């Protein structure tokens, strides 16, 4: 948890290139495929861990066996014909029925074997049926329940993080230009406020804008009943304001401070001085001499930030009643709906991996070492 | 040790560090006070919220200092018991009956109305219950018949506020307003002064006795206010402090130390050990942290210590390992390590006595900055309903406030108090950590 806040020097790992200079495209492809494989491997491990935890390392099976034994016992005792049989014969029948039932549930195989079956199911999003929850279409399939919630989560997080990235980038550049000014000092002073997560600022924002001022809604995604046509989107936009603001506030000051410091370090390089001496405009210097070399690191830093933010999504959506994945998970905890909890974890594993992959891809595109291929000259 | 001492001296130059340090010390002082003044078992018992502990405390009352900001002073709870010293309980024995008179007199200095008025009767009888009637005297000397009480059982409340007959007699005003309202005032305010509730009982058995306890539930209570189960929030606010601090500190310290050790081992041995640590880190960083924590909380148990263990386990292999690795690689090349190798120091001696101590001053800022994250994580789990089942914590107050619609009902104190404590804790540690970072990383000092 502490890493993303302090480390601005986290250089991404770049694959070693031994010889020659293959074309940009093939380099990009190679880099992307290696990352994709590694991330897929990560997802597999994450999901398998999920299965192990969810099955309590096999304990669930013992409970299931116990349930089967009890059910079969009651079934046999309730049967008048079987009840009159001698004890030995009856026990034999019970044992037989238990064996059939266990085979039907797949319990005759060892847990380790079956866990791989679960793994395959989970990876292909074959997530089973919910115990309590329904999707809006009335289905009990965990996959449908969760996929239905996915768009609202993506809208909120995509929008918030996109805005956050650009606002922070421009603010950091602005401050590195105005190093030592009052604004700069204010941002530095406010940097520690980022120790509070987004959901926490959410509670304050709800208190101020929804409860006290009553200008913005408390939560949810649209007004009830949802308006038609263009009104629908306006309503969603209105509901987006507070959660988006909460996400941006929670990371803005610290990230701006970190990136600004980073830009400042790079701005004192000789080649920047040289560019200034040549009389290049500030804009050009920033774009070509400061932003270019720092962008890969900035993106790595942003990726780390995103990973922490995804975790916060669950609580933020709960605080804002946002009908996304996080809220589904929260409801599932309340209802003790095991398949939905496990399913959410699997989906989150995928989402995280996809996020990281997308950023890795952007990284590869902006990092000249991957793009042009000067890797060979690096020691 | 000298290094740490000189750092403390350096801290004096950073006002934000001093503010942070003062708050941290204050929080530690509060924790120690709590542990002594409100022992664990007592706090748990009170927080479980049994009727006997909290029956005389108002529901959802604001903190008492709210009165500083309101136009009309809101009342605190007034309790008059017939067994109190100032109460002049008279028992007159007649031929067949006993007359008991209990004048419950109290001063009412407020302009606001109480939340609720209830009289708790403690009646002793064997077969025939005593006959109890209640009258009310206002400061202007007016007398009002409140009602008669039909006694069932030995200990019973008479909820004056819910007496619909009385309400009709008071001109359809709720009794807690009608009984205290100033008749000459246009706006509804209470008339301050001395009131008396006269309880008169006629007992029909020799050993029969009546005791009464009048409670005017206030609108404000204590420094922290109360929740929907009449519990004083102060208990949870106080107890939340040592819990939050110990969770944050323990998680940060264990995570940092274990990460340091693993990173040190990986860097020293290099090769496949290092490789495995690097790969595990990459995988762990992309694991869904909170969902896994939620699963553990749902499937196993929600105890704070289990959560702490899982949090530490999942936080070991993070980006910090890479940062430390970069530092270790530098340290590994230094001359004193070479000298130690030359005299034949063992690997473990080299790692734990030579490499890791060298980095400890460097990781202290990161450790301190990491604390708020864990404090908020614990609160987050509680907000999700996965808080420790017995311990009163700040996050649990927020969770209960939210699920009881505190923000919709305007009960802001309920959410604000734990939130303010959380942010104060978070800010103090990060202020301190940021200053430490500047001291230990001179590169940042000028910027």
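Any read-out appearing in this document is the output of simple, stated calculations on the displayed coordinates, not a laboratory observation. Nothing here was measured: the structure is a model prediction, and the numbers come from that model. Neighbour counts are summed over all protein chains in view; Cβ atoms, including those assigned to glycine, are modelled from backbone coordinates with ideal geometry.
From most to least packed by mean Cβ count within 10 Å, the peptides B:71-80, B:389-398 give B:389-398, B:71-80. Treating r as the C-beta distance of residue B:68 and residue A:77 and R0 as 60 Å, the FRET efficiency rounds to 0.25.
Mean partner shielding of peptide B:372-384, defined as the number of other chain Cβ atoms within 10 Å of each residue Cβ, is 5.
Shielding of peptide B:15-25 by partners, expressed as the average count of other chain Cβ atoms within 10 Å per residue Cβ, is 0.
Exposure proxy ranking for A:77, B:295, based on other Cβ atoms within 10 angstrom of each Cβ and starting from the fewest, stands as A:77, B:295. Ranked by the mean number of other Cβ atoms within 10 Å per residue, highest first, peptides B:27-36, B:99-108 order as B:99-108, B:27-36.
Taking chain A as a Gaussian network, where each spring joins two C-alpha atoms under 10 Å apart, which residue of A:225, A:293, A:110 fluctuates the most? Sorting by GNM fluctuation, first place goes to A:225. Taking every residue in B:291-303 and counting other chain Cβ atoms within 10 Å of its Cβ, the average works out to 6.
The residues A:144, A:305, A:335, when put in order of fewest to most other Cβ atoms within 10 Å, stand as A:335, A:144, A:305. Computed on the Cα trace of the protein assembly as shown, the radius of gyration divided by the Kirkwood hydrodynamic radius gives Rg/Rh = 1.06. On full extension, the segment bounded by residue B:12 and residue B:280 gains 92.4 nm, given 0.36 nm per residue less the C-alpha separation. The length gained on full extension between residue B:334 and residue B:420, counted as 0.36 nm times the residue separation minus their Cα-Cα distance, comes to 26.3 nm.
In region B:252-293, which residues have a backbone nitrogen under 13 Å from the label point lying 7 Å from residue A:41's Cα in the Cα-to-Cβ direction? Under cut-off, by backbone N: B:275-284. Using the rule -39500 (n - 2.57) for each DSSP H run of four or more residues, divided by the residues of the protein assembly as shown, the 222 nm mean residue ellipticity is -19500 deg cm²/dmol. In this label model, residue B:353 and residue B:79 are separated by 6.3 nm, measuring between points 7 Å along each Cα→Cβ vector. From least to most packed, judged by other beta carbons within 10 angstrom and beginning with the fewest, B:221, B:228 follow the order B:228, B:221. If both residues of a DSSP beta bridge must be in the protein assembly as shown, then about 95% of such bridges are antiparallel. When every alpha-carbon pair in chain B is counted, what percent end up more than 31 Å apart? Roughly 59 percent, once rounded to a whole number. On the basis of the beta-carbon distance and an R0 of 51 Å, residue A:271 and residue A:67 show a calculated FRET efficiency of 0.10. The angle between the Cα long axis of helix B:304-316 and the main principal axis of chain B comes to about 30°, on a 0 to 90 degree scale. Volume of the convex hull of region A:57-110 (Cα atoms only), normalised per residue: 70 Å³.
Between residue B:107 and residue B:48, the contour length at 0.36 nm per residue exceeds the Cα-Cα span by 18.0 nm. Comparing B:270, B:319, B:387 in a Gaussian network model of chain B, where Cα atoms under 10 Å apart are tied by springs, the biggest mean-square fluctuation is seen for B:270.
Dividing the mean sequence gap of close Cα pairs (under 8 Å, 6+ apart) by how many residues chain A holds gives a relative contact order of 30 percent.
Taking the Cα of residue B:145, stepping 7 Å toward and past its beta carbon, and measuring to each backbone N in region B:205-242: which are under 11 Å? Once the point is set 7 Å along Cα→Cβ of residue B:145, nothing inside region B:205-242 turns out to lie under 11 Å by backbone N. At an R0 of 22 angstrom, the distance between the Cβ atoms of residue A:335 and residue A:148 translates into a FRET efficiency of 0.85. Sorting the segments B:426-433, B:211-218, A:174-181 by their residues' average number of neighbouring beta-carbon atoms within 10 angstrom, most packed first, yields B:426-433, B:211-218, A:174-181.
Computed from Cα atoms, the angle from the helix B:271-285 axis to the main principal axis of chain B rounds to 30 degrees. Pick from A:326, A:117, A:279: which residue has the top mean-square fluctuation in a GNM of chain A where Cα pairs under 10 Å get a spring? Per the Cα network of chain A with a 10 Å cutoff, A:279 tops the list.
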